[in-house]
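> One structure is given below, represented as structure tokens, and several questions about it will come after.
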Amino acid sequence: MKGVLTEDEKKKIEELLANQYGIVDGLKNYVVIASGENRIRITHREVLEFSWRLKNIANIGLYVAKLSEDELSLSIEGAQLFSSMIKKNVVDLSLDDAKRWMRGEALKIDAPSSSRYVVAKCGDVFLGTGRVGRDGLVYPQIPRNRLTRQGTKSAEDL
Amino acid sequence: MNEWKKQGVISPSEDLLRLLRELPDMDIKSYLDAVSRPLPECFRVNTLKLPESRIIDLLKSRGWSFERISWAKFGYRLLDGPEAGIGSSMEHMLGLIYIQGPISMIPAEVLEPMPGLTVLDLCASPGSKSTQLAQLMENRGILVANDVSSSRIKPLVANLQRCGVINVVVTQMDGRLFYRWTKEQFDRVLVDVPCSSLGIVAKDWSAASHYSEKISNKISRLQQSLIMSAYDCLRPGGILVYSTCTLHPVENEGVISYLLDRKMDAKLQPIYLDGVKSRKTLEEWAGIKFSSEIKKCFKCYPHDNSAEGFFIAKIKKGS
């Protein structure tokens, strides 16, 4: 898949969302775009149509999920966006475990795993997806530049 | 001024000292005092992720205390908190907050970017104002975030992602040429131009030590081209906001004057803000008299609010 998904391709992504996370109609109001590294992005129809008159487009919409061997891992933003619709393969972490998660540490969790991925949350704050390892640990899929252990200087600017 | 150099606190260039002496409303000691201190730590609560009250409760429960910034929706000034700092916090990394200077929050507010509008941020990287615009638009309508530099696109994209912005197209174009493809296509245009940065010396002291008059003169020509392009992108009846974080009149009043002289339907609009100290714009500089309309622009120096120095103009295109 590449570029704006056809209705059939979009339906396939919707089925994966439903099967893995119980998300129904999550993509209903969006156009879905497949970009590099099998990333699934979403935006509104009017944004896409406006983009046709622009040159040198670097990016469009929000990255919500990544397709890997017919399974979807949700980005931090995808998990937060679909938070109210996620019904399965989700684990609720304590604040201490959420901090460890954001440092990229693998956690021992009793993951209700019917998938290779689970969504983590701490209350109503969603933390993205972790991969369930054969060793029983869950490995957070946090982009390196968003790990708190780096003590990364903020993107503060003017 | 030699005292400042001796202390090693800050070493303004000769050209900057000359400029400071020539600015009729400048108190040089207050300016140098202000830019020698760190900027206040401020942030926006990102309501694209969670409701404001929920994020506030979360931050308080984690030990931070803060107060609201009166002129910016969702803006807060940090008072106290854990030693590690809010810039490396989980809340920051998750995009629940965005760290941004308090005066830097003004241009997007002044632009009035309502949900459903088509909005352009012409010089967008690293994305403070673009993410703020998307938030004020509630992720509805169309936001185009442009920057000319490939190296600056990466942080722009990362920040838009972290803040959960859906309604955005990121382009990498020379802003001076942007109007060629999108003439009169936007309801709102923000042009936060590259500048000599003399209002944010507290953040980057090299702006003061390396400053020369040539920088302002050269960059003002770029600013003139950018504001003309931005204006041409605007629909009749639309609003343009021009902003800089510098003090030099050729980059501020001079650029607005340049636009007003060439676009007869451009009308400056007054800027109303609550609780921020501002000062009068200049009526003339280097023998050039500016339009009396320019007094509608907003200007503040770093020592006015113990924050950044900024110049902001709000312009409406006649319909």
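> Return yes or no: is residue A:73 within 13 Å of chain B (Cβ to nearest Cβ) and either among the small types (Gly, Ala, Ser) or touching a Leu at 6+ places or on another chain (Cβ under 8 Å) (or both)?
On the way: within 13 Å of chain B (Cβ to nearest Cβ): no; either among the small types (Gly, Ala, Ser) or touching a Leu at 6+ places or on another chain (Cβ under 8 Å) (or both): yes.
Against the criterion (within 13 Å of chain B (Cβ to nearest Cβ) and either among the small types (Gly, Ala, Ser) or touching a Leu at 6+ places or on another chain (Cβ under 8 Å) (or both)), residue A:73 does not qualify.
> Can you pull out every residue in the range B:177-192 that is assigned to a loop (DSSP other than H, G, I, E, B) and either away from every other protein chain (no Cβ under 12 Å) or among the charged types (D, E, K, R) (or both)?
B:183, B:184
> Looking at the range A:143-158, which of the residues that are more than 8 Å from chain B (Cβ to nearest Cβ) and either crowded, with 17+ Cβ neighbours inside 10 Å or modelled with pLDDT of 90 or more (or both) is nearest to residue A:89 (Cα to Cα)?
Start the filter on the range A:143-158 by keeping residues that are more than 8 Å from chain B (Cβ to nearest Cβ), which leaves A:143-144, A:149.
Subset that is either crowded, with 17+ Cβ neighbours inside 10 Å or modelled with pLDDT of 90 or more (or both): A:143-144.
Numbers: A:143: 21, A:144: 24 Å.
Selected residue: A:143.
> May I ask you to verify whether residue B:54 is assigned to a strand (DSSP E or B), within 13 Å of another protein chain (Cβ to nearest Cβ) and either in contact with an Asp or Glu (Cβ under 7 Å, 6 or more places away or on another chain) or farther than 17 Å from residue B:303 by Cα (or both)? Talk me through it step by step, then tell me what you get.
Values: assigned to a strand (DSSP E or B): no; within 13 Å of another protein chain (Cβ to nearest Cβ): yes; either in contact with an Asp or Glu (Cβ under 7 Å, 6 or more places away or on another chain) or farther than 17 Å from residue B:303 by Cα (or both): yes.
Criteria not met by residue B:54.
> Working carefully through the options B:154, B:203, find the one that is of a type in the set (D, E, K, R) and facing another protein chain (nearest Cβ under 8 Å). Step through it out loud before you land on a result.
Details: B:154 fails: facing another protein chain (nearest Cβ under 8 Å).
After applying the criteria, what remains is B:203.
> Now for a different question. Residues of the range A:81-110 being among the hydroxyl-bearing types (Ser, Thr, Tyr) and not in a loop (DSSP other than H, G, I, E, B), which ones? Walk me through how you get there before you give the answer.
Step one: of the range A:81-110, the residues among the hydroxyl-bearing types (Ser, Thr, Tyr) are A:83-84, A:94.
Passing the criteria: A:83, A:84.
> Related question: Go through (1) buried (at least 20 other Cβ atoms within 10 Å of the Cβ); (2) in a helix (DSSP H, G or I); (3) in contact (Cβ under 8 Å) with a residue 12 or more places away in the chain and name the single condition residue B:155 misses.
Residue B:155 satisfies all of (1) buried (at least 20 other Cβ atoms within 10 Å of the Cβ); (2) in a helix (DSSP H, G or I); (3) in contact (Cβ under 8 Å) with a residue 12 or more places away in the chain except (1).
> Could you list, ordered by first residue, the pairs with Cβ atoms under 6 Å in which the first is in the range B:287-316 and farther than 24 Å from residue B:234 by Cα and among the aliphatic types (A, V, I, L, M) and the second is buried (at least 19 other Cβ atoms within 10 Å of the Cβ) and at pLDDT 95 or above, at least 6 apart or interchain?
Close Cβ pairs (under 6 Å, with a partner that is buried (at least 19 other Cβ atoms within 10 Å of the Cβ) and at pLDDT 95 or above) amount to B:307/B:102; B:307/B:103.
> Please go through the range B:260-286 and pick out each residue that is surrounded by fewer than 11 Cβ atoms within 10 Å (Cβ to Cβ), among the aromatic types (Phe, Trp, Tyr) and over 17 Å from the mean Cα position of the chain (by Cα).
none
> Just a yes or no: is a residue in the range B:130-147 at the interface with chain A (Cβ under 7 Å from one of its Cβ atoms), surrounded by fewer than 24 Cβ atoms within 10 Å (Cβ to Cβ), modelled with pLDDT of 95 or more and out of contact with any strand residue (DSSP E or B) (no Cβ under 7 Å at 6 or more places or on another chain)?
No, that holds for no residue.
> Do any residues in the range A:46-67 that are facing chain B (nearest Cβ under 7 Å) and hydroxyl-bearing (Ser, Thr, Tyr) have Cβ atoms under 9 Å from those of residues that are assigned to a strand (DSSP E or B) and surrounded by fewer than 18 Cβ atoms within 10 Å (Cβ to Cβ), where the two are at least six apart or on different chains, and which pairs are they?
Here the result reads A:51/A:57; A:63/A:35; A:63/A:39, each pair linking the range A:46-67 to a residue that is assigned to a strand (DSSP E or B) and surrounded by fewer than 18 Cβ atoms within 10 Å (Cβ to Cβ).
> Scan the range B:241-258 and tell me whether some residue there is among the charged types (D, E, K, R) and surrounded by fewer than 21 Cβ atoms within 10 Å (Cβ to Cβ). Don't jump to the end; show me each part of the working.
Here is the first cut: in the range B:241-258, the ones among the charged types (D, E, K, R) are B:251, B:253.
From the residues that got through so far, the ones that are surrounded by fewer than 21 Cβ atoms within 10 Å (Cβ to Cβ) too are none.
No, because not a single residue in the range B:241-258 is among the charged types (D, E, K, R) and surrounded by fewer than 21 Cβ atoms within 10 Å (Cβ to Cβ).
> If you don't mind, there's one more thing I want to ask. Quick check on this structure: which one of A:27, A:48 is buried (at least 17 other Cβ atoms within 10 Å of the Cβ) and either assigned to a helix (DSSP H, G or I) or out of contact with any helix residue (DSSP H, G or I) (no Cβ under 8 Å at 6 or more places or on another chain) (or both)?
On the way: A:27 fails: either assigned to a helix (DSSP H, G or I) or out of contact with any helix residue (DSSP H, G or I) (no Cβ under 8 Å at 6 or more places or on another chain) (or both).
On inspection, the qualifying residue turns out to be A:48.
> Residues in the range A:1-30 that are touching a strand residue (DSSP E or B) at 6+ places or on another chain (Cβ under 8 Å) and either small (Gly, Ala, Ser) or under 14 Å from residue A:48 (Cβ atoms) (or both): how many? If you could, list the steps in order and put the result at the bottom.
Applying the first criterion (touching a strand residue (DSSP E or B) at 6+ places or on another chain (Cβ under 8 Å)) to the range A:1-30 yields A:1-5, A:9-10, A:13, A:16-17, A:20-21, A:27, A:30.
Then keep just the ones that are either small (Gly, Ala, Ser) or under 14 Å from residue A:48 (Cβ atoms) (or both); that gives A:3-5, A:10, A:27, A:30.
Residues flagged as touching a strand residue (DSSP E or B) at 6+ places or on another chain (Cβ under 8 Å) and either small (Gly, Ala, Ser) or under 14 Å from residue A:48 (Cβ atoms) (or both) within the range A:1-30 amount to 6.
> What's the number of the only condition in (1) surrounded by fewer than 17 Cβ atoms within 10 Å (Cβ to Cβ); (2) under 23 Å from residue A:127 (Cα atoms); (3) at the interface with another protein chain (Cβ under 8 Å from one of its Cβ atoms) that residue A:102 fails to meet?
(1)
> Moving on to the next point. Which one of the conditions (1) surrounded by fewer than 16 Cβ atoms within 10 Å (Cβ to Cβ); (2) under 21 Å from residue B:158 (Cα atoms) does residue A:53 fail to meet, given that it meets all the rest?
(2)
> Every residue in the range B:101-113 that is within 13 Å of chain A (Cβ to nearest Cβ) and not small (Gly, Ala, Ser), please.
In the first step, residues of the range B:101-113 are kept if they are within 13 Å of chain A (Cβ to nearest Cβ); the result is B:101-108.
If the condition is that a residue be within 13 Å of chain A (Cβ to nearest Cβ) and not small (Gly, Ala, Ser), then B:102, B:103, B:105, B:106, B:107 are the ones that fit.
> All but one of (1) surrounded by fewer than 20 Cβ atoms within 10 Å (Cβ to Cβ); (2) at negative phi; (3) within 11 Å of chain A (Cβ to nearest Cβ) hold for residue B:116, so report the exception by its number.
In the conditions (1) surrounded by fewer than 20 Cβ atoms within 10 Å (Cβ to Cβ); (2) at negative phi; (3) within 11 Å of chain A (Cβ to nearest Cβ), residue B:116 misses (2) alone.
> Looking at the range B:65-100 only, could you name the residues that are away from chain A (no Cβ under 12 Å) and touching a residue at least 24 places away in the same chain (Cβ under 8 Å)?
As a first pass, look at the range B:65-100 and keep what is away from chain A (no Cβ under 12 Å): B:65-77, B:79-81.
The answer is B:69, B:70, B:71, B:72, B:73, B:74, B:75, B:76, B:77.
The values are calculated or read from the model by the stated rules, or taken from the named source; none is laboratory data. Predicted, not measured: the structure shown is a model, and the values here were computed from it. Note: ideal-geometry Cβ built from the backbone for every residue, glycine included; neighbour counts use all protein chains shown.
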